[in-house]
Amino acid sequence: MGKVKSKNTQPELAVRRLVHSLGYRYRLHVKKLPGTPDIVFAKKKKVIFVNGCFWHRHNCAGGRRLPHTRRKFWHAKLEGNKKRDGYNMGKLKRMGWMVLTIWTCGIDSSGSMKKKVLNFLGR
Ligand SMILES: [Zn+2]
């Protein structure tokens, strides 16, 4: 147990397609780095996490939702995930990495995600 996210989810693939179409080279799921970032730009020392709102307790409607049963269990589990995310992010930053988190609710085709990625990675 302890594995929060499944790899190669639809949202993750959408972000990867975008990053690829912008011409960036990256590596995937680098286990050596805290939190196993989804998309890693080693030369730039930048990483992107694609986080499911529910699993990572995003501050949006989908992230605040709790299942109707076993609420205590879910609350503890999801808060634990969130805590671990914060811990990993701090660790990455101390190691000199820059981190961008893309939430599934922010994945769109209107171009705002693209702008975000371009701002983060630089041209
Ligand atoms: Zn969200």
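The values are calculated or read from the model by the stated rules, or taken from the named source; none is laboratory data. Predicted model, so just to flag it, every value in this text is computed and none were measured. Reconstructed Cβ throughout: ideal geometry from the backbone, glycine too, with neighbour counts over all protein chains shown.
Note on region 79-94: residues that are surrounded by 13 or more Cβ atoms within 10 Å (Cβ to Cβ) and either more than 20 Å from PRO37 (Cβ to Cβ) or free of Cβ contacts under 8 Å to residues at least 24 places away in the same chain (or both) total 1. Going by what's in this entry, would PRO37 be described as crowded, with 19+ Cβ neighbours inside 10 Å, touching a helix residue (DSSP H, G or I) at 6+ places or on another chain (Cβ under 8 Å) and in contact (Cβ under 8 Å) with a residue 60 or more places away in the chain? Criteria met by PRO37.
Of everything in region 66-109, what is outside any helix (DSSP H, G or I), within 28 Å of VAL19 (Cβ to Cβ) and within 16 Å of the ligand (Cβ to nearest atom)? Give them in sequence order.
LEU100, THR101, ILE102, TRP103, ILE107, ASP108, listed by residue number.
Just checking, how many residues over region 110-123 are more than 16 Å from the ligand (Cβ to nearest atom) and surrounded by 11 or more Cβ atoms within 10 Å (Cβ to Cβ)? Looking only at that region, the number is 5. Filtered by the rule that a residue be modelled with pLDDT of 95 or more and of a type in the set (A, V, I, L, M), region 62-88 gives ALA76, LEU78.
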